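**Student:** Mind looking over this structure? Questions follow.
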């Protein structure tokens, strides 16, 4: 079966060259050609094109550069700009930097390699298809990957959402586990909103790094004169949360003495304020969260076993972002749209390198860190595209943009090398499988591996480069 045809809009003043492209790309590509640098009806083109191929090989002065930048500006003004692949002369380093800064998806030298051109167009097509899918999800009234303010389109997050919707109407205690920044409080708020207590208050309190006496006062309150400085009676979080939900974050940091008091409240549904002999009765739902392993803390004597079983009626685990990397583009575009609207910016998309850098980073701070990085990038960006240099230095390692100290050829070679090494690693260092994944001929991949001096020792524990076993059916 032939793959879906890719719509390529070719913008070139060289009619003979355009005919060569139209003829040689092959049947999997439908090419339309503009007259010179005239894009025509933008509304009509926006509904049709997947990728724009912009020919600036003859640009040698500011006038030629202005033509290219003008075209790219026109393209970037549409609602969902397509990836723009710019063809340049071999020595046009300054123009290369300029078009990339203007939002070009990729560039090609004038020594045209049709295999490489097809590969780049196919990557751009996949990039645009992913962007369109993200827009489609965002345009829905209720996102499939959303539980109120908590986002997640991976299978693991969908399982969390399904379980949360199931247990929310049942008035049971919930323990949410996960690393810092994964969205534990957002999940607790979603459970509250889906419960019968949604009309009541949602009170959140973090038990982390606070003295025991202060935590006790915050949770249970005090009477006037209970201690020095207690000039008025103060209601604690338990009392304020009556008829609603109390969310205790980092419950594993509670001192053992407070753990006993918390257990009593859960059993008796009553407590005394500090300095009082009268009981206060409350009706609350308790949702707790921790990044620690409470079961292990029970074994070590750092957490009460009876309290652990009281809290852990239902447990929900939020996986770290590095275990659901497929969500990174989804989350990044969501934050991009939110902050662009908040700051009144025209930023609409990430460049290929910027998005690739986001996908490769391990995100020790999880979704919260990603949100902060995108917020910073939107503030730093001037045009419609977030580029690699708008990201913090720690994310840019290995993805540095073109700079005057490096030649264009060196940058292209470096990019090809990273792409091929990564694909080989994903395919178990089987060259035939890697060639199919990249969409190139196996002989061409052989030549690139030799030219770029790629060796399997670049991955820890990698096996030698393998061919497909003879018994496999060859894919033509």
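**Student:** Mind counting the residues in segment 281-308 that are within 22 Å of residue 235 (Cβ to Cβ) and in contact with a strand residue (DSSP E or B) (Cβ under 6 Å, 6 or more places away or on another chain)?
**Tutor:** Start the filter on segment 281-308 by keeping residues that are within 22 Å of residue 235 (Cβ to Cβ), which leaves 281-288.
Filter once more, so that each one left must be in contact with a strand residue (DSSP E or B) (Cβ under 6 Å, 6 or more places away or on another chain): 281, 284-288.
Of the residues in segment 281-308, 6 are within 22 Å of residue 235 (Cβ to Cβ) and in contact with a strand residue (DSSP E or B) (Cβ under 6 Å, 6 or more places away or on another chain).
**Student:** Can you find even one residue in segment 350-369 that is loosely packed, with under 15 Cβ neighbours inside 10 Å and at positive phi?
**Tutor:** no
**Student:** Looking at 210, 248 in this structure, which one is assigned to a loop (DSSP other than H, G, I, E, B) and closer than 27 Å to residue 301 by Cα? Explain how you work it out, then say what you get.
**Tutor:** Details: 248 fails: assigned to a loop (DSSP other than H, G, I, E, B).
Sole residue among the options that is assigned to a loop (DSSP other than H, G, I, E, B) and closer than 27 Å to residue 301 by Cα: 210.
**Student:** Does residue 226 qualify as being over 17 Å from residue 282 (Cα atoms), in a helix (DSSP H, G or I), outside the structural domain of residue 363 (by TED's automatic domain parsing) and touching a residue at least 24 places away in the same chain (Cβ under 8 Å)? Quick ask: steps written out before the conclusion?
**Tutor:** Values: over 17 Å from residue 282 (Cα atoms): yes; in a helix (DSSP H, G or I): no; outside the structural domain of residue 363 (by TED's automatic domain parsing): yes; touching a residue at least 24 places away in the same chain (Cβ under 8 Å): yes.
For residue 226, the condition - over 17 Å from residue 282 (Cα atoms), in a helix (DSSP H, G or I), outside the structural domain of residue 363 (by TED's automatic domain parsing) and touching a residue at least 24 places away in the same chain (Cβ under 8 Å) - is not met.
**Student:** What is the residue count in segment 109-130 for residues that are modelled with pLDDT under 75 and either surrounded by 13 or more Cβ atoms within 10 Å (Cβ to Cβ) or outside the structural domain of residue 49 (by TED's automatic domain parsing) (or both)?
**Tutor:** Filtering segment 109-130 down to residues modelled with pLDDT under 75 leaves 109-113.
Going one step further and asking which of them are either surrounded by 13 or more Cβ atoms within 10 Å (Cβ to Cβ) or outside the structural domain of residue 49 (by TED's automatic domain parsing) (or both), we end up with 109-110, 112.
Count: 3.
**Student:** Would you point out which residue out of 240, 280 is surrounded by 15 or more Cβ atoms within 10 Å (Cβ to Cβ) and touching a helix residue (DSSP H, G or I) at 6+ places or on another chain (Cβ under 8 Å)? If you could, list the steps in order and put the result at the bottom.
**Tutor:** Details: 240 fails: touching a helix residue (DSSP H, G or I) at 6+ places or on another chain (Cβ under 8 Å).
Exactly one residue qualifies, and that residue is 280.
**Student:** Oh, and also: Filter segment 259-269 for residues that are within 14 Å of residue 213 (Cα to Cα) and in contact with a helix residue (DSSP H, G or I) (Cβ under 6 Å, 6 or more places away or on another chain) and give the result.
**Tutor:** Answer for segment 259-269, where residues must be within 14 Å of residue 213 (Cα to Cα) and in contact with a helix residue (DSSP H, G or I) (Cβ under 6 Å, 6 or more places away or on another chain): just 259.
The values are calculated or read from the model by the stated rules, or taken from the named source; none is laboratory data. Given the structure is predicted, the values throughout are model-derived calculations rather than measurements. Here the Cβ is made from the backbone with ideal geometry for all residues, glycine too, and neighbour counts use every protein chain on show.
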